[in-house]
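Data block below; observations after.
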Amino acid sequence: MTSTEVASVVRSVTVYQGRAMISREATLTLQAGDHSVLFPDLSPYLDRDSLQVRGMGEAVLGECVFETEYFEEDVDDRRRTLEKERLALADELEGLELKLAQLAGEKAFLERIAALVTTPQPAAPAVQTGPSGSAQPGLDVSVWMGMTGFYRDKHTEIDGLSLKAERESRELSGRLEALDARIDELGSGGQRSRNLVKVGIRKEEAGELTLRLSYMVAGPSWRPVYTLRAASDSDKLMLEYDAYLSQATGEDWVGTELKLSTARVNVSGVVPELSPWRLSFYRPRPAPMRAEMSKRSAKVMAEVDDYAAGAMASPSAPMEEYASYDVESEEASVEDAGASVVFTVAGGGTVSGDNKDTRVGLARREFPAEFLYQAVPKLAELAYLTAHFKNDAEFPLLPGAVNIFFDGSFVANSAFPLIMPGQESDVSLGVDEGVKVEYRFIKRFKKNEGLVNKKVSEQFEYQLRVTNNRTRAARIKLFDQFPMTGDKELVVKPLAPLARDGQKELSIDDENKLSWTLELKPGEKRELPLSFLVEYPTERTVTGL
């Protein structure tokens, strides 16, 4: 049996929450006979129970074995090469620093020349001649223009050279940091290890063979992020559905077929079972001896450790079929996988293995929406715009952050709950200054009544005012309240508005909370009265007013 080590590439990745299915592909030519094909340098987070191998070509697949190979590594030659490269970069960086210092000196010299030319000279009692001094001639307009042009041109030249040198210096510093990290990773040599998978293959005839190795790795994850755009002259919402991916598997995914799945592979698919729910009377037990308590504590801790170890073992994820996918649209294609949805990112994707977030686009959808302004003038003289819409897309909107733009300007951050296809939901679009809300205190009138049973009667009057300054009609909902009392000697009598007035736009609930639903034309203003009477005995004091 011959052993052949192949260089494989990552062809496709399906990312779940906390896990990812990776498919590597390698093409090689084998002679007739038995072979052992090695896939080296695999991720240390590989789940060996999820290994799966498929092939295309005339061959018989045998065993698939995961192994960790230990070897002695001499890193001196590699270290010398990297340190030589680092020294060259350090010399180049030092040259740039000297150049920046020289440019800073030239700029300071230019400023001194400008100060010398523009500073008035003290008047001399007499004009000196000869070698001991000379008269400073006056500068005419043409000379001043020449000096100004010289000053401007030199400043522009020096600033341009400084900016270029600083940019090159930052780039060199980054390359130096990367080299230092590579040198540190080499360590001092000695015993090292690598993970590999051995695949047994039997070839009846010589020929080409393509192998695809699939396995799960722990760690990678993705989360949705949304951008929601609304406009004052439109009754639709534009939703941009994107995702942030991150992974630290130790390998970069470059130009791979990238899929994002909503399946929760970390959750067991087995329905939990109920245990009998037993009730009993409490019967205190005598305190055990200290030694017995220590034994029981050790036993409990051992059981906890066993439980934690079992909880860390996740069920194997479903295997990927060996297939190729053609993505033609700019959006991610959506595949209904039964209990979950799989997004295939258009054009593939590249995700670095340094655990940094990578943003990819998934979908763009437009939803018809009903817009409603809501305000509580008593608490805030602001109109909050909300949109009611139905998710008529074929995929769910997962819980995630939403960046909201209104008329092209960022207005607020919000968040989506889980919104399934066909489900309706509301989203807040922030404060809209185009609808003005005011809360006005009109008066407070107090008088004493009764000859025998004296009581105080206080009347309160307020006004709610709302103005639609938008160019289109607006639906507005205002909220306020009458006070409530639980004392029979303290009476609250609503005066205006009254529900019995038959106003369709007004409603009052059991807690004396009022709500008006108004339809305002462009430029229309409405004033709503709110008044009530409070009666109580003269000798009592009321709080809460």
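The values are calculated or read from the model by the stated rules, or taken from the named source; none is laboratory data. Worth saying up front: this structure is predicted, and the values here are computed from it rather than measured. When we count neighbours, we look across all protein chains shown, and the Cβ atoms used for this are built from the backbone with ideal geometry, even at glycine.
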> In the stretch 497-535, how many are over 48 Å from the mean Cα position of the chain (by Cα) and at pLDDT 90 or above?
Replying inline: 4
>> Quick check on the stretch 390-417: of everything there that is exposed (fewer than 12 other Cβ atoms within 10 Å of the Cβ) and of a type in the set (A, V, I, L, M, F, W, C), which residue is nearest to Ala263 (Cα to Cα)?
In response: Ala415
> Taking the stretch 396-451, which residues are of a type in the set (Phe, Trp, Tyr) and more than 25 Å from Glu519 (Cα to Cα)?
Replying inline: Phe410, Phe416, Phe445
>> Based on this model, can you work out whether Asp392 counts as among the acidic types (Asp, Glu), more than 30 Å from Ser43 (Cα to Cα) and outside the structural domain of Arg440 (by TED's automatic domain parsing)?
In response: yes
> What about Val534, is it loosely packed, with under 14 Cβ neighbours inside 10 Å and not polar (S, T, N, Q)?
Replying inline: no
> Considering only strands (runs of 3 or more DSSP E) fully contained in the stretch 411-475, which possess at least 1 residues that are closer than 26 Å to Leu495 by Cβ and touching a Leu at 6+ places or on another chain (Cβ under 7 Å)?
Replying inline: 435-449, 455-468
> Out of the stretch 401-431, which residues are under 19 Å from Arg359 (Cα atoms), among the hydrophobic types (A, V, I, L, M, F, W, C) and in contact with a Phe, Trp or Tyr (Cβ under 8 Å, 6 or more places away or on another chain)?
Replying inline: Ala401, Val402, Ile404, Phe416
